[in-house]
Amino acid sequence: MRTVWRRSGRWTAAASLLLIIVVALSDVLLGDVSAFWSRHNMLTNLISSLAFALLTITVIDYLLERGRAARRQVVTLVAYNAIARAPIGQRRVMWQLVCGGEYVITDVDFPLSDQTRERLGRLLRQAGLDPVDEDAVINDESPTPDQTARISVLADNREWLALAYTVLSGCLHTVRLVIARWSPLLIASDESVSLLAELGRQAEELSNLYVQLLPFVRGRKNAFTDEEKTSFVRRWTRAFANAIALDEALIRRGGERGPGWINPARHLLPAIDVADLDRRDQTRDGPLRVYP
């Protein structure tokens, strides 16, 4: 719609200016036409007034539209940075479920109760897994843990599966709330609509993950088969990598850190996921996430 307005506005301004020039030249260079204008003062005034009015209105409307576009851009950039809280929160919650450690939360949208964290700590100890602080890994103070191996161990514990279901369902609810809260500010451009589609797929991916845990909550299953566990672990690690990739893309587009900013949370990923992120960066206008 704005593209159509810009084209029609330019044509209107050009036509108005051309009309003014034609009328002025005819009055100066063409004696017969000049006499006509002199004999028809009312018509002359109407045409000249109309031409100047159209030109003035078009110019003023153009300046106003530029101001509106600048405000829309600022609002959109703020929305990018704000909606990035969804993948950041998802990443932190998923890390806690697998690695534990300190949970220094700066976003009240994704809290974890002390009771939940105590249960997670106990289950990790029972599985023989030491807690790993997220910040320590990000800051290169601790090596990146093998999340695939840790999830494989935890997936054999029905209590952990039930707790993971409860935590992920709450996380998904909050992710959807954050998306819904900021999406009205992101529907003004085709780029933003594409971004919202990526966020929707991310929420669907998280939904599919916790749905796999539902049978354990309802008592219909006690353990994964080997094939089911392989699928669950793969889906978990991909959802975690996509959360980091989407967070990085949103912060870049929001302009807060610049287009070439590298998310330090990449340190939480294995080398294969980091390589896939690097390949994504080499693809112009490609998907924001790493895995479909």
For this session: Within the stretch 175-186, identify whether any single residue is surrounded by fewer than 16 Cβ atoms within 10 Å (Cβ to Cβ), modelled with pLDDT under 85 and closer than 24 Å to Ala84 by Cβ, and answer yes or no.
Result: yes
Seminar exercise, completed: When restricted to Arg253, Arg280, Arg289, the only residue under 28 Å from Trp160 (Cβ atoms), in contact (Cβ under 8 Å) with a residue 24 or more places away in the chain and basic (Lys, Arg) is Arg289
Problem set entry | Among the residues listed as Leu43, Leu54, the single one being assigned to a helix (DSSP H, G or I), surrounded by fewer than 16 Cβ atoms within 10 Å (Cβ to Cβ) and modelled with pLDDT under 90 | Leu43
For this session: Tell me, please, whether a residue that is basic (Lys, Arg), touching a helix residue (DSSP H, G or I) at 6+ places or on another chain (Cβ under 6 Å) and assigned by TED's automatic domain parsing to the domain that holds Arg220 can be found in the stretch 178-189.
Result: no
Exercise. Mind checking which pairs have a first residue in the stretch 160-172 that is touching a residue at least 12 places away in the same chain (Cβ under 8 Å) and a second that is not in a helix (DSSP H, G or I), Cβ under 7 Å, 6 or more apart or different chains?
Worked result: Leu161/Ala155; Leu161/Leu213; Ala164/Leu213; Tyr165/Leu213; Cys171/Phe110
Problem set entry | From Asp226, Asp281, Asp276, residue being loosely packed, with under 13 Cβ neighbours inside 10 Å and either over 15 Å from the mean Cα position of the chain (by Cα) or in the same structural domain as Ala180 (by TED's automatic domain parsing) (or both) | Asp226
Problem set entry | Residues that are loosely packed, with under 14 Cβ neighbours inside 10 Å and either under 17 Å from Phe216 (Cβ atoms) or under 25 Å from the mean Cα position of the chain (by Cα) (or both), drawn from the stretch 140-165 | Asp156, Glu159
Exercise. Within the stretch 109-121, is there a residue that is touching a Cys at 6+ places or on another chain (Cβ under 8 Å) and of a type in the set (A, V, I, L, M)?
Worked result: no
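The values are calculated or read from the model by the stated rules, or taken from the named source; none is laboratory data. Remember, predicted model here, so these are calculated numbers, not experimental data. FYI the Cβ positions are ideal-geometry reconstructions off the backbone, even for glycines, and counts take in every protein chain you see.
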